[in-house]
Amino acid sequence: MRVPFTKTTLPNGLDVIVHEDRRVPLVAVSVWYHVGSKNERPGLTGLAHLFEHLMFEGSEHQPGGYFPPLQEAGASLNGSTTTDRTNYWELVPSNAYRLALWMEADRMGWLLPALSQARFETQLGVVLNERRQSYENRPYGLSQFVLMDHLFPSGHPYSWPTIGHPADLKAATLDDVTSFFRTYYHPGNASLVIAGDIDTALAIRTATELFGEIPAGPPVPAVVPPTEEMPTQRLWFEDRVELPRLYLSWRSPALFTAGDAELDLFGDLLGNGRTSRLYKRLIHDRRIAVELAAGQTSREIGGTFQIVASAAPGHSLDELESAIY
């Protein structure tokens, strides 16, 4: 599959990528910042995900929040944070493309004047509640936190969860958050994609007009992870769950390096769909598992490969592990 596009870089460092497709009267706008939880540090985790929330609250020229104006124009929108990047996207009718670009530019260049202590504390509470709902009060929800903490050495940027540690979030100050934004959320550390029912030259002109005056920002500090090798470990984590679950996890190649694509395919062969090797043999034929998954999680510094299986009633995790191997 080939997706034709035009790419240009503005003088302030912002990469602008335009894909023109006139078949449907919609335009997709997406801004990716090259910052995720890996750019944090021990004792101050969770800031990248916190900004995913704060950047929807409003900016200097749009103080009333980002959802109402875009939704009134017929848009769908959201954002997400991973270990390596944060993104924001809007899918808008063609005649609302400028609104989406204007709002993205305003929060990139003029977020901090609207970032008050009250907004910071409100979204901090939202994030802490999200952690409780999505992880602490969900069956098996803390298992990945435990695994990453043991797969990677202390201080490694993948050893802490993207949503952060509660104590770190509660200890963060408005100054900490402001400094984090100035370091990472600027044109020199971002990419803008405009795709859909729009003329390429017009899209580039509009992006230049709206984003061009935003300063490039400082060079982003490099992330240098510890190189310490971790020993093979067997962990037992007790939780209030109905069925025991087995996690087999390995460190694996980084994104786009040798072995990464092969492990994506390997994960599909093992655990994706009813015809996959593990599903057919463990769930369908032997009925010793009730659910399973396998896959490569590709990340910038290093990946993880994982096989996860829940034991059927009357069967043990040792039996599952033996069958998987």
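The values are calculated or read from the model by the stated rules, or taken from the named source; none is laboratory data. Not measured: the values here are computed from a predicted model. Cβ coordinates were reconstructed from backbone atoms using ideal geometry, including for glycine residues, and neighbour counts include every protein chain displayed. To get the accessible areas, we keep the full protein, side chains included, count just its heavy atoms, and leave off ligands, DNA and RNA. Shrake-Rupley method; radii C 1.70, N 1.55, O 1.52, S 1.80 Å.
Scanning segment 101-126 for residues that are closer than 21 Å to Lys170 by Cα, in a helix (DSSP H, G or I) and in contact with a helix residue (DSSP H, G or I) (Cβ under 8 Å, 6 or more places away or on another chain) returns Leu112, Gln117, Arg119, Phe120, Gln123, Leu124, Val126.
With respect to the conditions (1) over 30 Å from Pro231 (Cα atoms); (2) open to solvent by 50 Å² or more (accessible area, probe 1.4 Å); (3) assigned to a loop (DSSP other than H, G, I, E, B), Glu130 lacks only one, and its number is (3).
Yes or no, residue by residue, for (1) without any contact (Cβ under 8 Å) to a residue 12 or more places away in the chain; (2) open to solvent by 70 Å² or more (accessible area, probe 1.4 Å):
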| residue | (1), (2) |
| --- | --- |
| Leu174 | no, no |
| Ile194 | no, no |
| Leu202 | yes, no |
| Ala222 | yes, yes |
| Arg240 | no, yes |
| Leu246 | no, no |
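Among the conditions (1) more than 23 Å from Leu10 (Cβ to Cβ); (2) surrounded by 14 or more Cβ atoms within 10 Å (Cβ to Cβ), the only one that Thr86 does not satisfy is (1). Being surrounded by 15 or more Cβ atoms within 10 Å (Cβ to Cβ), in contact with a strand residue (DSSP E or B) (Cβ under 6 Å, 6 or more places away or on another chain), modelled with pLDDT of 95 or more and more than 30 Å from Gly36 (Cβ to Cβ) is a condition met by at least one residue of segment 284-299. When segment 300-321 is limited to residues that are touching a residue at least 12 places away in the same chain (Cβ under 8 Å) and small (Gly, Ala, Ser), the one that is most open to solvent (accessible area, probe 1.4 Å) turns out to be Ser316. Here segment 89-103 is the region considered, the condition is being closer than 10 Å to Ala73 by Cβ and among the small types (Gly, Ala, Ser), and the residue that is surrounded by the fewest Cβ atoms within 10 Å (Cβ to Cβ) is Ala96.
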